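Structure provided below as structure tokens; questions to follow.
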Amino acid sequence: MQSRLLGGLTPRTFLRRHWQKRPLFVRGALPQFTGLIGKGALAALAARDDVESRIVVRRGNRWETAHGPFAGIQVKPSNWTLLVSGVNMHVAAVDALLRRFQFIPQARLDDVMVSFATPGGGVGPHVDSYDVFLLQGPGRRRWRVGTRQYLTQPGDLLYLPPGLRHDGVALEPCFTYSVGFRAPRGAELGAAFLDWLHERGLPEAAYRDPRLAPARHPGLLPGEMVEFAFRSLRRISWSRSDVAAFLGEYLTLPKPHVVFRPERARRRLERSMVRLDGKTQLLYSGRRFFMNGETLDVPGRLAPRLAELADRRAASGAALAVAPLAGLICGWQRLGYLHFERP
Ligand code: SIN
Ligand code: CO
């Protein structure tokens, strides 16, 4: 199906021609888009300590950044920007906007950042290491992307692949919605994987040298000790399935400032629509599921039901109200990972 959001391209064509390759500008991608959050509500989010925010002020050709939380924000009449990350986690309509990009795997989706700028405001020329869709909300902004310029109006969309220098300057008070993606780096995965292996348990045996002879060269690193270290470290091994489990946990682990609010059930599971909380990440690989940083295996015949919840972020409670899924779902509901809604 062709998509207005992608300027008449199908997701497949968009991915082939543009994704990670070249920018795409779509005039009127979301016609009549009037924004999903006002500046008062954005400032209220920026006051919270479980929300990441920053203020960037331009002084000539210099940009000064301060990090939130911010109490009692004073909007400057010009050259000023407030940027709030993860707005999708707190505003359902912004989560729905993020989900319009579901043709890209959730493992790649990061969050929606919303910025509010006064004339002349922006974060300055920069390069991002991630793909981004920049959706223009109320107000106009002039973008310089490489050697090209785009003037974005409400509802226009600009897709930028990683590594492209860009600079967006507000022409009037304006909002920009950045749908951002994540792409882990090898070194970042390596460091996190070593932690994961450590938690799983590493060889515990301690070095012993009952036949130690008097040292002739006390400064010399004993060859037996090197050999012991070599043999211990060689025993650390992992399979492809271990790596998949690590990756699922790593990608679904909530960011450090994210807080879930536990809640009491007011409805019965079997009579509800189950909807994942905006902060929840649920991914799967085969019948192994990853819920907010934890792995669980589900019996094969039930896996498709939970997979539907992961894919659509909502599922009928009746389909999930079977043992042992029901216990799991009710536990997650109490933790605030998901909610029971009227069908
Ligand atoms: C902004 O909303 O001002 C910045 C978005 C970006 O360039 O990544
Ligand atoms: Co950028």
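The values are calculated or read from the model by the stated rules, or taken from the named source; none is laboratory data. Keep in mind it's a predicted model, so treat the numbers as computed, not measured. Here the Cβ positions follow ideal geometry from the backbone for every residue, glycine too, while neighbour counts run over all protein chains shown. SASA here: full protein model, heavy atoms, side chains in, ligands and nucleic acids out. Shrake-Rupley method; radii C 1.70, N 1.55, O 1.52, S 1.80 Å.
For every residue, the table says whether it meets (1) surrounded by fewer than 18 Cβ atoms within 10 Å (Cβ to Cβ); (2) of a type in the set (V, I, T); (3) touching a Ser or Thr at 6+ places or on another chain (Cβ under 9 Å).
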| position | (1), (2), (3) |
| --- | --- |
| S3 | yes, no, yes |
| R17 | yes, no, no |
| E52 | no, no, yes |
| P105 | yes, no, no |
| V112 | no, yes, yes |
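Kindly check whether there is at least one residue in segment 193-207 that is in contact (Cβ under 8 Å) with a residue 24 or more places away in the chain, aromatic (F, W, Y) and in a helix (DSSP H, G or I).
yes
Going through segment 230-242 one residue at a time, which ones are of a type outside the set (D, E, K, R), within 16 Å of G201 (Cα to Cα) and open to solvent by less than 100 Å² (accessible area, probe 1.4 Å)?
S232, I236, S237, S239
Filter the strands (runs of 3 or more DSSP E) completely within segment 235-343 down to those with at least 2 residues that are touching a strand residue (DSSP E or B) at 6+ places or on another chain (Cβ under 7 Å) and over 26 Å from R182 (Cβ atoms).
Passing ranges, in order: 338-341.
In this structure, is D156 within 11 Å of ligand 2 (Cβ to nearest atom), charged (D, E, K, R) and assigned by TED's automatic domain parsing to the domain that holds L36?
No; evaluated as a whole, the condition is false for this residue.
Applying the selection to segment 131-167, what residues are more than 11 Å from ligand 1 (Cβ to nearest atom), in a strand (DSSP E or B) and surrounded by fewer than 18 Cβ atoms within 10 Å (Cβ to Cβ)?
Residues satisfying the conditions are R142, R148, Q149, L151.
Could you tell me whether V114 is within 16 Å of ligand 2 (Cβ to nearest atom) and touching an Asp or Glu at 6+ places or on another chain (Cβ under 8 Å)?
Taking the combined requirement at face value, the residue does not satisfy it.
Moving on. Residues that are open to solvent by less than 60 Å² (accessible area, probe 1.4 Å), more than 21 Å from L282 (Cα to Cα) and outside the structural domain of F116 (by TED's automatic domain parsing): does segment 248-270 have at least one?
no
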